[in-house]
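Report on one structure; see the data block that follows.
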């Protein structure tokens, strides 16, 4: 999902997941990360390998960062009368495996071993139903507002942890798997920066070796 807004970074207490490097356990849970269960998930198809990460951008209400409405949306507890925009979300059942807040803290809603409902109608490299084989990561932000330094750092650590546990080959935007339908995480998202932080060996390039507008960071 997308929105427009701004935020400022102030001194905060150390995040609970700062103490140790992120690791994904065999059940698909990130060690030390705050866990909030979302019912919006189901089993992956038998034998489906996790090879893709889909990066989303979200702000609720649109243009506002912080608060608990993203968590409420993913747990089906959002008061749809609380904001005019929320009427369009009534009855929506969505989730993501992870949510990276503006301060870089991470919330996990669905075990990586399960299928979160995040990508919708989607295709990557001619393979449909991205939810079957991907990890969904929502990053709190907006298409045209710069994401925070800490978000890139934590997202890179999360992707490295996922790569250690699963045969992950690429991280792409929601706009890459649902072009024309979705725009997030938007042009403000710095893919080359993420690739450097993940220590990627290359970026997804076109046949002429140029970076597309929303490149896939190979992890």
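The values are calculated or read from the model by the stated rules, or taken from the named source; none is laboratory data. From a predicted model like this one, the values you see are computed outputs, not experimental measurements. Every residue, glycine as well, gets a Cβ built from its backbone with ideal geometry; the counts of neighbours run over all protein chains shown.
Of note:
- Reported count of residues in the stretch 123-144, each being in contact with a strand residue (DSSP E or B) (Cβ under 8 Å, 6 or more places away or on another chain), closer than 25 Å to residue 61 by Cβ and in a loop (DSSP other than H, G, I, E, B), is 2.
- Test: residue in the stretch 147-170 that is under 18 Å from residue 100 (Cα atoms), assigned to a loop (DSSP other than H, G, I, E, B) and at pLDDT 95 or above: yes
- Any chance residue 171 is surrounded by fewer than 24 Cβ atoms within 10 Å (Cβ to Cβ) and within 16 Å of the chain's Cα centre (by Cα): no
- Residue that is farthest from the chain's Cα centre (by Cα) [pool: residues in the stretch 29-38 that are more than 30 Å from residue 90 (Cβ to Cβ) and surrounded by 14 or more Cβ atoms within 10 Å (Cβ to Cβ)]: 32
- Any hit, the stretch 99-110, residues being modelled with pLDDT of 95 or more, outside any loop (DSSP other than H, G, I, E, B) and surrounded by fewer than 16 Cβ atoms within 10 Å (Cβ to Cβ): no
- Taken over the stretch 171-188, residues that are closer than 10 Å to residue 56 by Cα and either touching a strand residue (DSSP E or B) at 6+ places or on another chain (Cβ under 8 Å) or not in a loop (DSSP other than H, G, I, E, B) (or both) amount to 8.
- Remark: residue 95 falls outside the filter, which requires a residue to be within 23 Å of residue 131 (Cα to Cα), in a helix (DSSP H, G or I) and modelled with pLDDT of 95 or more.
- For the stretch 73-88, a residue qualifies if it is surrounded by fewer than 16 Cβ atoms within 10 Å (Cβ to Cβ) and in a helix (DSSP H, G or I), and the qualifying residues are 84, 85, 87, 88.
- Verdict on residue 66 being in a loop (DSSP other than H, G, I, E, B), touching a helix residue (DSSP H, G or I) at 6+ places or on another chain (Cβ under 6 Å) and on the phi > 0 side of the Ramachandran plot: no
- Residue list for the stretch 39-59, filter: under 24 Å from residue 87 (Cα atoms), part of a loop (DSSP other than H, G, I, E, B) and either at pLDDT below 95 or under 15 Å from the mean Cα position of the chain (by Cα) (or both): 59
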